[in-house]
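Below is one structure, written out as structure tokens; the observations come after it.
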Amino acid sequence: MPFNIKSCVEYARKGLRSTLYWAPGGYRAERFWKRRHLRYKFDMRGVGNCGLTHAENVDDYRRATEVFLEHCQLHNVDFKRARMLDIGCGTGHYADVFRQAGGIRYVGIDITDALFADLRQRHPDFAFRKLDVTQDPVDGIYDLVIMIDVTQHITDEKRFAKTLQHVKACMAPQGLFIVTSWLDESARRSFYEVSRSMDAYRREFPEGQFSQPVRYRDKYLFAIQRPETPHDRA
Ligand SMILES: C[S@@+](CC[C@H](N)C(=O)[O-])C[C@H]1O[C@@H](n2cnc3c(N)ncnc32)[C@H](O)[C@@H]1O
């Protein structure tokens, strides 16, 4: 970045933000996301790329949704029957997608409930629960668990491992976990973002069947299927 007033202001802003949200072993995620959601509400810059306009983000999400639905189709997801868990549901974009695809059993969880009042109005028959997935297990068993644009915001490795344990614990036998990632350890690093390779996911999910990653926005999307175990059949 060239050295000028704009770059100095940007540098100072970044420093201030990382100080404001600093916490041992990561960042103050609830505080950060609450402020961000209250600032942007349903403007897609809040969950998408804040360097783009709302309209550009909407366009980006439209293309990304096609990728998501194609991947679900590839894995024969039956939306009408699936129990879906949306971890880091944000503005409820995937609650809308799920409903439009015929889904009726949906639980959205998020570290902040800043948007829940509106989401509950829009989807009175869906459940929205406030939960930090890096700390607390999730109630219930699900056929489809999604974490879209969320794992990169879990910056601490122990919390990342705990999160995937929580995901595994709530997956039905042969359930599907759809997740996105840059899949390149050097792609991004800031106080609230981290990039991981596929190995990081494989380490935490050694028994999972991984799909071939496909491009999703500026990242990749892939699925991990939980195999049925003798314990499930007993
Ligand atoms: C980039 S947004 C993505 C939102 C949505 N999945 C989408 O694709 O539009 C990340 C979301 O994850 C939530 N989040 C971040 N850390 C979380 C955590 N530890 N537990 C639960 N939700 C979390 C944030 O509040 C935010 O809504």
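The values are calculated or read from the model by the stated rules, or taken from the named source; none is laboratory data. Quantities reported herein were computed from a predicted structural model and do not represent experimental measurements. Counting neighbours? That spans all protein chains shown, and the Cβs are built from the backbone with ideal geometry, glycine included.
Within the range 38-69, restricting attention to residues that are among the β-branched types (Val, Ile, Thr) and assigned to a loop (DSSP other than H, G, I, E, B), the residue that is farthest from the ligand (Cβ to nearest atom) is 53.
Every condition in (1) within 13 Å of the ligand (Cβ to nearest atom); (2) in contact (Cβ under 8 Å) with a residue 60 or more places away in the chain; (3) crowded, with 21+ Cβ neighbours inside 10 Å is met by residue 21 except one, and the failing one is (3). Right, residue 108: of a type in the set (Gly, Ala, Ser), touching a strand residue (DSSP E or B) at 6+ places or on another chain (Cβ under 7 Å) and modelled with pLDDT of 95 or more or not? Yes. Restricting attention to the range 186-200, the residues that are part of a loop (DSSP other than H, G, I, E, B) and either in contact with a Gly (Cβ under 9 Å, 6 or more places away or on another chain) or buried (at least 19 other Cβ atoms within 10 Å of the Cβ) (or both) total 3.
Tell me which residues, restricted to the range 201-231, are part of a helix (DSSP H, G or I) and within 25 Å of residue 60 (Cβ to Cβ).
Across the range 201-231, the qualifying residue is only 201.
Out of (1) under 14 Å from the mean Cα position of the chain (by Cα); (2) farther than 23 Å from residue 217 by Cα; (3) of a type in the set (D, E, K, R), what's the single condition that is false for residue 139? Unmet condition: (1). Looking at 135, 121, just one residue is under 25 Å from residue 62 (Cβ atoms), modelled with pLDDT of 95 or more and among the polar types (S, T, N, Q), and that residue is 121. Residue 72 - would you say it is away from the ligand (no atom under 14 Å from the Cβ), surrounded by 14 or more Cβ atoms within 10 Å (Cβ to Cβ) and either assigned to a helix (DSSP H, G or I) or within 14 Å of the chain's Cα centre (by Cα) (or both)? In short, yes.
Listed by first and then second residue, the pairs linking a residue in the range 35-55 that is under 21 Å from residue 147 (Cα atoms) to a residue that is near the ligand (Cβ under 8 Å from one of its atoms) and basic (Lys, Arg), with Cβ atoms under 8 Å apart and 6 or more places separating them unless they lie on different chains, are 46/36.
Residue pairs whose Cβ atoms lie under 6 Å apart, separated by 6 or more positions or on different chains, with the first residue in the range 116-137 and loosely packed, with under 14 Cβ neighbours inside 10 Å and the second part of a loop (DSSP other than H, G, I, E, B), are 130/113.
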